[in-house]
Amino acid sequence: STQKEDGDSVSSWCGWHTDHGSLTGLTCGLFMKNSVEVPCPDSAAGLYIRTRDDRVVKVTFGEDELAYQIGETTEILSRGRLCATPHCVQAPSGANASNVERSTFAMFMQPDWNETLNFPSEIPYHQEVCHLSITKSC
């Protein structure tokens, strides 16, 4: 993985966000042009994360590997011991990037919809979740 200085400039394809569930499993990005797989036309394109110490890092892993990202539900239930992974996707740029698409398989893991979750009494982060919680008021 490589480090980038300007986190805002890498969110051109999918803006910065964290996943709402517990854990997300990801396959590596697959680039296609006219329904044919092609090599990524820009080495700067792809998935980026923001680390706990606020660095922006490009995530690289092979086609026979999986990557995992922590989601907001895990951050809340672990009382912040595990942090949701802020991430974004940068589109390729340059002459060879026209009409290139990126695909990946994301497996979103989360508690059952009817599962009652015991939220901590104080949540110093993600206060917006408190307004969505039906089982406990914050």
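Please report, to one decimal in angstroms, the Kirkwood hydrodynamic radius of the stretch 6-134 built from all distinct Cα-Cα pairs. Working shown, then result.
Details: mean 1/r = 0.0615 Å⁻¹.
Evaluated on the stretch 6-134, it is 16.3 Å.
Which Cα, out of Cys28, Ile76, Ala95, lies furthest along the positive dipole direction of the stretch 6-134 (beta carbon charges, K/R +1, D/E -1)?
Of the candidates, Ala95 comes out farthest on the positive side.
At 7 Å along Cα-to-Cβ for each site, give me the label-to-label distance between His17 and Arg81 in nm.
Inter-label distance under the simple model: 2.9 nm.
For the stretch 38-49, what does the Karplus curve 6.51 cos²θ - 1.76 cosθ + 1.60, with θ = phi - 60°, yield as ³J(HN,Hα) per residue in whole Hz, taken in order and with x for Gly and Pro?
Values per residue, Gly and Pro as x: 10, x, 4, x, 8, 5, 8, 6, x, 7, 10, 10 Hz.
Per residue, how much accessible area does the stretch 6-134 have with a 1.4 Å probe, in Å²?
Value for the stretch 6-134: 62 Å² per residue.
The values are calculated or read from the model by the stated rules, or taken from the named source; none is laboratory data. Predicted model, so just to flag it, every value in this text is computed and none were measured. Counting neighbours? That spans all protein chains shown, and the Cβs are built from the backbone with ideal geometry, glycine included. Side chains are part of the model used for accessible areas, which takes the heavy atoms of the whole protein and leaves out ligands, DNA and RNA. Shrake-Rupley method; radii C 1.70, N 1.55, O 1.52, S 1.80 Å.
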